[in-house]
Each structure stands twice: as structure tokens, then as C-alpha cells.
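Right, one structure below, let's go through it.
The values are calculated or read from the model by the stated rules, or taken from the named source; none is laboratory data. Quick caveat: nothing in here was measured; it's all calculated off a predicted structure. Positions of Cβ are generated from backbone atoms using ideal geometry, with glycine treated the same way; all protein chains shown enter the neighbour counts. Each accessible area value is taken on the protein alone, full model and side chains, heavy atoms only, with ligands, DNA and RNA left out. Shrake-Rupley method; radii C 1.70, N 1.55, O 1.52, S 1.80 Å.
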Amino acid sequence: MPNNDAVRRTCRTIEETLGDSSAFKQVDDALYIVKQGSAYVMVHVIPWVPSRAVVRCVAQMVTGLDMDGTLAMKLLAMNSVLRFGSFAYVPEDRVLLFEHSILGGETLDPEELVAAVTDVAVIADDWDDRIIAEYGGRTMEDVITDEALTRIAGALGGPSAKQAEETWDELPPGG
């Protein structure tokens, strides 16, 4: 457990508020994941000052995305009308994020926490498909599913998910 009192208090509030949800999973002492549709929201508690912590909610929406000027302008326009949170892009990883941070510690309100996590999850789950349809890329759910299938196939000595998909595509249509 973290040694910062604000972080401990924040983690306790997160676990008490979200812990009963089947979509919630604790990954580490101050890191959690909430799944909504095809989106995964990472909820990370970060120490700030001794009496404060930050709750950072980040959804990795689309991976394998090449940012262009048109998409960047659309996302900036969206940022200007959203209730809170914003789109961000990590060029090294070609990943589009949606993120929002709130203050943790003794002032963390469970309703505000739920609103922040829910908004990040809903926006990420809704907009990932729209962006992929127009600009390409893959949802995080697709990435995670493909990695899991590849691991399972490898463990069983079978084909990778990609090999299985290619084989399927080569077979004649059923009738």
C-alpha cells in the first residue's frame, strides 16, 4: 500500500465506490481498470503533495492510428465542447487517448469519481468505433483479445489468431 496518506485514502474510496462492479479490477496498489464496451479505463492514483493525490482516468481508445491535420482539428474541436476530459495523442505509440483527472485525498467525492470514470468510459467506448471507421486503427479490446488468442494458441501449439483468420478467409463460403 502506498505510504502517502492522501493516496491511501483515495485508493480506499475508489475500492469502496467501484469495488462491487464486475467491470472493476484492481491491477496494483494504486492502479485500477474499468471496462466499458470496447474501452478500458485505467484509474491511476498519483501522489501530488502530502495531503493531496490526483486520480487520473485514461482510456486508450485507438491504437495504430496515424494522426493527420483533419483528425487533430476534429479532436480539438471536440475538446472545446466536452463537459470535461480531453482527447490526447501519443505519437510514439500511435495511440489516441481520452483522459480526465480529478483531485483525490479527503475531498474525493464518490459521486464525482463515478461521474469521471463513467464519462471517460462512455466517450471512449462510443468514439473509438467512429474514429476507427473514418481513420483506421484498432480498439484496445481488439488488441487485448488478439494478444490473448495468440497466447492461448501458442500454449496449445495451434496457429496464431492472425493465421487462423487468414485460413478462414481462404476457405470457400458456406452454403
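Solvent-accessible surface (1.4 Å probe) assigned to residue 12 amounts to roughly 120 Å².
Summed over the residues of the stretch 57-113 and divided among them, the accessible surface reaches 52 Å² per residue at a probe radius of 1.4 Å. A cut-off under 12 angstrom between Cβ atoms defines the neighbours of residue 24, and their net charge, with Lys, Arg +1 and Asp, Glu -1, is -1.
Think of each Lys and Arg Cβ as +1 and each Asp and Glu Cβ as -1; about the Cα centre, that makes the dipole of the stretch 80-146 roughly 240 debye.
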